[in-house]
Amino acid sequence: MSSTRRSNGSDRVLVLSNDPNYGQPFQQAATEEVDEVAQAVARALGKRRIAHDTLWLGGSIEPLLETLKAGRYAAVFNLCEALGGDPRGEILVAQTLACLKVPYTGCGPNALALCLDKGLSKSLLRALGFPVPRYFIVSPWEKLPKLPFGWPMIVKPTQEDASIGIHDQSVVRSKASLAEQVASIHSRFHQSAIIEEFISGREFNISVIGDKVPRPLPVSEIDFSGLPAGLPKIVTYEAKWNKSDPRYAGTVPIVPAPIHPDFARKLQHLAVRAGKALGCRHYWRVDMRVAGKNGNPYIVEVNPNPDIHPEAGLARALKVAGIPYETFVKRMVQWTTRSGSAN
């Protein structure tokens, strides 16, 4: 299933998204706003007088091939995060656009693949000297190894995003709880589990935008002070997506973060370098936790093509930086068409 809205004019932009009706039940909250983002980008393009069409992909890449064959586009504004509810489809979409040499916004297939695999991206970052939490991976056919570090730990699926598979019980403090969470990921997601050293300090995220010279936006901090007592200080799936849940109200983003300017610049510099190391382009977000008296930062995750909903974190950081949302959307198209990049 797919659908298209067509506008008049030549040299158009194709806004490409995934049909939210194809999400799995556990993805429902995350997929509900997919269409809202596509509509927001389309409105922004309209305000900047950029002609555009919109296409939603269901479980197949074929409608995209048919659409590109039927019309000439200056660029594709790629918002597609999955095919048929599978996040790996995001890689396939970018790879298709690259093979067809169609200029498109956002990160390329290599960066998307690296960042989707939490173990692979952490391994590469660590090899390049970036600070990441200690971790190990348990595949569905493996038993728990001898634990290489102490409690607490946090357990996640290796190949999910949007906090899918992360809940209060993901932070474990015993081998029994660890085994239970690993088994749950194996059975529910049919993929490996990554077990990380839980960094219990403050949490920050830094969005980065730009073409040849990436620009870090103001640092954002997650304020956990409003979480109900006894809950771990993490951004769970419910905290990220369920506005009626107390975890949502208890994980308030603050931008700019109340930190010393020198420390903010340190986090921003690290975010730019980490994204570039993994091949990100145009826009990405890096999540970090800090630990110890000196606030040593650890990179928890690099997120290529993060959520650009007008109410999401990147848009909040744009506002603080004095960059209108419509300007950001227009610049994304300009970065793509100017370079002619389809990689």
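The values are calculated or read from the model by the stated rules, or taken from the named source; none is laboratory data. This structure is a prediction, so every number in the text was calculated from the model and none was measured. Neighbour counts are summed over all protein chains in view; Cβ atoms, including those assigned to glycine, are modelled from backbone coordinates with ideal geometry.
Residue-level check: of (1) buried (at least 20 other Cβ atoms within 10 Å of the Cβ); (2) outside the structural domain of Thr158 (by TED's automatic domain parsing), Ser192 misses just (2).
Condition check for Tyr248 on (1) touching a residue at least 40 places away in the same chain (Cβ under 8 Å); (2) under 25 Å from Ala321 (Cα atoms); (3) out of contact with any strand residue (DSSP E or B) (no Cβ under 9 Å at 6 or more places or on another chain): one failure, at (1).
Inside region 272-315, residues that are within 14 Å of the chain's Cα centre (by Cα), within 13 Å of Ser200 (Cα to Cα) and among the polar types (S, T, N, Q) make up a count of 0. Taking helices (runs of 4 or more DSSP H) as the structural unit, no element lying wholly within region 156-257 holds at least 2 residues that are at positive phi and within 20 Å of the chain's Cα centre (by Cα). With respect to (1) of a type in the set (Gly, Ala, Ser); (2) within 23 Å of Val320 (Cβ to Cβ); (3) free of Cβ contacts under 8 Å to residues at least 24 places away in the same chain, the lone exception for Gly230 is condition (2). A count restricted to region 306-324 and to residues that are in contact with a helix residue (DSSP H, G or I) (Cβ under 7 Å, 6 or more places away or on another chain) and over 22 Å from Gly275 (Cα atoms) stands at 1. Quick check: is even one residue across region 140-152 modelled with pLDDT of 95 or more, surrounded by 17 or more Cβ atoms within 10 Å (Cβ to Cβ) and out of contact with any Cys (no Cβ under 8 Å at 6 or more places or on another chain)? No: region 140-152 contains no residue that is modelled with pLDDT of 95 or more, surrounded by 17 or more Cβ atoms within 10 Å (Cβ to Cβ) and out of contact with any Cys (no Cβ under 8 Å at 6 or more places or on another chain).
Out of everything in region 216-271 that is of a type in the set (S, T, N, Q) and more than 21 Å from Ala162 (Cβ to Cβ), what residue ends up being modelled with the lowest pLDDT? Per the stated criteria, the residue is Ser225. State whether the residues of region 280-291 include one that is surrounded by 15 or more Cβ atoms within 10 Å (Cβ to Cβ), of a type in the set (D, E, K, R), assigned by TED's automatic domain parsing to the domain that holds Arg316 and assigned to a loop (DSSP other than H, G, I, E, B). Looking through region 280-291, at least one residue is surrounded by 15 or more Cβ atoms within 10 Å (Cβ to Cβ), of a type in the set (D, E, K, R), assigned by TED's automatic domain parsing to the domain that holds Arg316 and assigned to a loop (DSSP other than H, G, I, E, B).
Taken as a whole, region 333-341 holds no residue that is under 18 Å from the mean Cα position of the chain (by Cα) and not acidic (Asp, Glu).
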